[in-house]
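Derivation of every value follows stated rules applied to the coordinates shown; laboratory data play no part. Note that the structure is predicted; figures quoted are calculated from it, not measured. Because the Cβ atoms are built from the backbone with ideal geometry, glycine has one as well, and the counts that use them run over all protein chains shown.
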Ligand SMILES: *Cc1c(COP(=O)(O)O)cnc(C)c1O
């Protein structure tokens, strides 16, 4: 009998995260203080993050032990399954073998709890009482709400007002887990009040919500801030995905020719691919492909420059592919893929051509999502459907060549809270949108003054 699922036992939850910094062929660029333009130190980050996470942010150790209480929480849903997409393969009539690592089995429905749980643990260990964060559509907020609940922390989520009003279900998920969810801009912070004075009916934005959450943490001794992607320690925590996937591919007696993931800030894709990178650094032919929306083409059309992490231009400067921190995300349905930059570690690998990137329009992405749901059964998150689109295209190429190809894709979450997007697609109301070249050129000119 040919296997469809490759399952590890609870005892196989990884005991250490993999830190790719130990193996990088080129050192990462320094993170700069926005005022002095000098490299920042731990003291600069201490008001926002617990010391253990700051240490991980700059660590060069190859393996970082996963604390037992974190592994105990991981065991609630990890190891996650690796599937062979036999029904999709049959529908495509392809000689390619398609595998997918499914992170939708977590209680929040995505990969995000892998880091939320670790972050909540280290904060609790260092005596923090409350975490503050921002969320757009709510994937990150719900992951952190869950993690805080499990470690006995309070959780305040600044949720962008339009999402708060229009997407009530993830808000209710966060509230179910006991988080305090605020419609941002609020009147609780200087940043929020300043916006409300000028624009009382402001719909909010991720940038405003970040400013509010950061201010909340910086002005309360018992409160820290938490970020769900982009930072090195987030990529580190997500490597449990790839560490498990490596073993599962061995169980399947196979090895990937191409590894594919969708990229918003880069955490699920990095988590899947980093553990496969040591062989790549030694010259293996495995390809790694990042997939992003044409509406937010950070890697494929942005430049590799120093930029702020937030719209309000308050964070340290990091070197990354960016569309400029003034980027206004178009209203596409993959809410998790609309960040103006990407994780510096992923950008470094892309810059040095260890990773490729491709961008797709949302209609073809949703076509792929439907084909996947109608063959494999799982309704994918719109974000994850970007990776599915590329996997299907790779499988069709293999068919044209008449040669097998082993494809591993990251299925970062399910789409049960995204049915409004499916509704729009099924009704033929989804529109394609490519980010205008003019806007990119203007943003790049503005960034010139920030370069050291
Ligand atoms: C948030 C999210 C993403 C994008 O974030 P990354 O940091 O790039 O992984 C992708 N898929 C799902 C399901 C998400 O919730």
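I need the calculated FRET efficiency for the pair residue 433 and residue 221, taking r as the beta carbon distance and R₀ as 35 Å, to the nearest 0.05. Show your work: numbers first, answer last.
Working: r = 44 Å, r/R0 = 1.26.
Given R0 = 35 Å and the Cβ-Cβ separation, E is 0.20.
Report the Cα centroid-to-centroid distance between segment 412-452 and segment 343-380 in angstrom, as an integer. Result: 14 Å between the Cα centres. Can you tell me how segment 233-352 classifies by the Cα gyration tensor, rounded, prolate or oblate, using a/c under 1.5 as the rounded cut? Here segment 233-352 falls in the prolate category. Compared with the dominant principal axis of the Cα atoms in the chain, helix 232-251 is inclined by about 10°. Cα centroids of segment 203-273 and segment 1-57: 9 Å apart. Seen through its C-alpha gyration tensor, with square-root eigenvalues sorted a ≥ b ≥ c, the chain comes out rounded because a/c lies under 1.5. In this rough spin-label picture, where each label sits 7 Å from Cα along the Cβ direction, the residue 43-residue 367 distance is 5.8 nm.
Rounded to the nearest 10 degrees, the angle from helix 139-151 to the longest Cα principal axis of the chain is 80 degrees. For the pair residue 420 and residue 396 in one chain, pulling the backbone fully straight at 0.36 nm per residue adds 5.7 nm over the alpha carbon distance. Remark: spin-label model distance residue 352-residue 180 equals 4.5 nm, labels positioned 7 Å along the Cα→Cβ axis.
The ranking of 77, 140, 177 from fewest to most other beta carbons within 10 Å of each one's beta carbon is 77, 177, 140.
Given axes a ≥ b ≥ c from the Cα gyration tensor, I'd like to know whether segment 130-174 is rounded (a/c under 1.5), prolate (a/b larger than b/c) or oblate.
Values: a/c = 2.70, a/b = 1.88, b/c = 1.43.
Prolate, since a/c reaches 1.5 and a/b exceeds b/c.
Looking only at segment 378-403, which residues have a backbone nitrogen under 20 Å from a spot 7 Å from the Cα of residue 87 in the C-beta direction? Backbone N within reach: 378-382, 384-393, 395-396.
Got a sec? How would 281, 308 order by Cβ neighbour count within 10 Å, fewest to most?
Ascending Cβ contact count within 10 Å gives the list 281, 308.
Here r is the Cβ-Cβ distance between residue 446 and residue 36 and R0 is 22 Å; the resulting FRET efficiency, rounded to 0.05, is 0.60.
A simple spin-label model places pseudo-atoms 7 Å from Cα toward Cβ; at residue 58 and residue 375 they are separated by 4.9 nm.
Round to the nearest 0.05 the FRET efficiency obtained for residue 166 and residue 282 when R0 = 45 Å and r is the Cβ-Cβ distance. It comes to 0.40.
Compared with the dominant Cα axis of the chain, that is its longest principal axis, helix 382-401 is turned about 30°.
Taking the Cβ of each residue in 407, 54 as the centre, tally the other Cβ atoms inside 10 Å and list the residues starting with the fewest. Intermediate results must be reported in sequence, preceding the final value.
On the way: 407 27, 54 19.
Starting with the residue having the fewest Cβ neighbours, the order is 54, 407.
Of all DSSP beta bridges confined to the chain, the antiparallel ones make up roughly 35%.
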